[in-house]
Structure formats: C-alpha cells, structure tokens
C-alpha cells in the first residue's frame, strides 16, 4: 500500500495528508475548492518549517514530503489509482454518505475505504457501498501531525484482514492505533463530549465562570487545557453535532446538548474558527481572553 487519497483539505484532511506524505506515501489530496487545496499545502509547509526549526526534520525531508502530495479538485480522478481512501470531509452524515457512494463507484473493489468521522456510524457509511467488509474508521486526533492516537473503528461488517491492515498502517505512520467497535461516539467522544457538555451546563447554571471552570480542570485534573477552551478549539458546531449523534443514537437525556451550546452555535459563535466562543480569539491563541458575554 503506497498510494493514498485524502478527501477534504480542511484542518483534519491536510494533517492526515501531511503524516502520510511524511511517511513516504504518495498522497492525492482532494477538495472541491482549489483555494482550500492551496491553503492546505501552505499549512503543511508551515508545519514542516516548525519541525525544521526544532531540528526534527531537514529541508530535504520537507521537500520530499511536499513532493509526495498531488492535489485534485476532481474526486473520481483523485481516487482512480489508490489503495486506500481516507475521507475527512465535514462531520455531516448526508455529505459522508454521498461521498462514499461516489468513491465506491470510482474505485476498484479491493480498495479500502476509511472515514475520519468522529462520531458517525461506520456501519451506516458502509451500507451505501458494495464492500462493507472494507469500510473502516480512522479517527485521527487534532492536530494530526502531533497527536499519537488513532481510533480504529470496526463497522458491523469490517473484516479482520482490513482491521489488521489499518492497525499496522497506523503504526507505520508513527501513531498508536486503538481498536474500538461501532457505537455512537466510539470511545473518545463518548467520554469527552459529555464532559464538555457538563462544563457548559456548569457555566450556564452560574456555578462558575469560564476561567474558573477551565482552571479547576487544568490544575485539579491535570488536563492540558480546560474543557471550554478545548470546545473552542474543536469547534462548538462540531461539539453540538457529536452530542446530537450521541443523544439520537442512545436516546438517553444525559447526552442532550446544553441550551447555551445550541444558542451559541445558532448565533455563529463557533470558537476559534469564527473568532469567538467561550473565549475571544481575534487576538490570536497565546493569551486567553474570555468572550465579552461571559466576563
């Protein structure tokens, strides 16, 4: 397996393309937007420059990594001659099903189809293909070049052979793969999102402020960042989407999104990506400034 297609040139997609290319794989990075592809290549270049500055790689390594990436705006062309497709599009079930129907038709039946979904059922995605045994989840963590974990999600029909192949592939990328079964939220988000939601509920009910909640979790529980800051980094819209998947998938009220989260997303306060969430990010990410409405 040497040829990989990555669908989606956003934050996750460009990170996934980066780690595959740096590990010597030929990567076809696919997005409908040429501007998104250009931004992705620029981001990968900047991330590689940081690694050079830290003396982790050389200029030659950077050139080789960028040389391993080819960009495409035509999906059928981009997936036409690969061994593995990793979908990293927006966390929207209808969009993912549409993409998997398309890549199923555009690739030979021996090609493994993987999704970077953080919560959507792999079994549901696999059901729109003619090879459910070759559909699997590869849930990378953000930022992909830095974070070691990959959740490997087995759908109902995913074969042992495909699972073993993707587990070994993940190790070759320098990652630590963890095999999990296909239930809403998998492991990472089934545990993380209720914690984030509870932090938002704690704020909503006036128990404590943004900085106080995050400080308790950082200094008291040894978390590298507080749950509200983490929610801003993930994207409040993404958090809401995952909580809805959990709520609908289990039918348990403990997963119901906090009304404050719903209101913030409705108002366009998405966190870092929009410039404001629980914190204001218009000044950058180094000095935390609590958003005006929470002061």
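The values are calculated or read from the model by the stated rules, or taken from the named source; none is laboratory data. Please read these numbers as outputs of a predicted model, since none were measured by experiment. Cβ sites come from the backbone with ideal geometry, for glycine too, and all protein chains shown count toward neighbours.
Only one residue in 231, 222, 256 is under 21 Å from residue 187 (Cβ atoms), free of Cβ contacts under 8 Å to residues at least 60 places away in the same chain and surrounded by 23 or more Cβ atoms within 10 Å (Cβ to Cβ), so which one is that? So that I can check it myself, show each step before the final result.
On the way: 222 fails: surrounded by 23 or more Cβ atoms within 10 Å (Cβ to Cβ); 256 fails: surrounded by 23 or more Cβ atoms within 10 Å (Cβ to Cβ).
Residue meeting the stated conditions: 231.
Only one of (1) closer than 22 Å to residue 289 by Cβ; (2) more than 15 Å from the chain's Cα centre (by Cα) is not met by residue 191, so which one is it?
(1)
Can you tell which of 200, 242, 196, 213 is buried (at least 19 other Cβ atoms within 10 Å of the Cβ), at pLDDT below 95 and touching a helix residue (DSSP H, G or I) at 6+ places or on another chain (Cβ under 7 Å)? It would help to see each step written out before you state the result.
Working: 200 fails: at pLDDT below 95; 196 fails: at pLDDT below 95; 213 fails: at pLDDT below 95.
Only one candidate qualifies: 242.
Working only within segment 89-105, note down all residues that are without any contact (Cβ under 8 Å) to a residue 60 or more places away in the chain and in contact with a strand residue (DSSP E or B) (Cβ under 9 Å, 6 or more places away or on another chain).
Matches in segment 89-105: 96, 100, 104.
Do we find a residue being without any contact (Cβ under 8 Å) to a residue 40 or more places away in the chain, surrounded by 16 or more Cβ atoms within 10 Å (Cβ to Cβ) and either touching a helix residue (DSSP H, G or I) at 6+ places or on another chain (Cβ under 6 Å) or not assigned by TED's automatic domain parsing to the domain that holds residue 281 (or both) anywhere in segment 140-149? Walk me through it before giving the result.
Here is the first cut: in segment 140-149, the residues without any contact (Cβ under 8 Å) to a residue 40 or more places away in the chain are 146-149.
Imposing the further condition that a residue be surrounded by 16 or more Cβ atoms within 10 Å (Cβ to Cβ) reduces the set to none.
No, that holds for no residue.
Please note which strands (runs of 3 or more DSSP E) are completely contained in segment 1-109 and include at least 2 residues that are within 28 Å of residue 159 (Cα to Cα). Spell out the reasoning first.
Details: elements: 3-7, 26-30, 69-72, 84-87.
Where strands (runs of 3 or more DSSP E) fall fully within segment 1-109 and carry at least 2 residues being within 28 Å of residue 159 (Cα to Cα), they are 3-7, 26-30, 84-87.
Out of the residues in segment 26-36 meeting the condition of being surrounded by 22 or more Cβ atoms within 10 Å (Cβ to Cβ) and touching a strand residue (DSSP E or B) at 6+ places or on another chain (Cβ under 7 Å), tell me which one is farthest from residue 68 (Cα to Cα).
Here is the first cut: in segment 26-36, the ones surrounded by 22 or more Cβ atoms within 10 Å (Cβ to Cβ) are 27-31.
Filter once more, so that each one left must be touching a strand residue (DSSP E or B) at 6+ places or on another chain (Cβ under 7 Å): 27-30.
Details: 27: 6, 28: 8, 29: 10, 30: 14 Å.
Looking at residues that are surrounded by 22 or more Cβ atoms within 10 Å (Cβ to Cβ) and touching a strand residue (DSSP E or B) at 6+ places or on another chain (Cβ under 7 Å), I get 30.
Could you tell me how many of the residues in segment 263-292 are touching a helix residue (DSSP H, G or I) at 6+ places or on another chain (Cβ under 7 Å), within 24 Å of residue 12 (Cβ to Cβ) and not in a loop (DSSP other than H, G, I, E, B)?
Result for segment 263-292: 5.
Of everything in segment 87-114, what is surrounded by 15 or more Cβ atoms within 10 Å (Cβ to Cβ) and within 13 Å of residue 134 (Cβ to Cβ)? Give them in sequence order.
Within segment 87-114, 100, 103, 104, 107, 111, 112, 113, 114 qualify.
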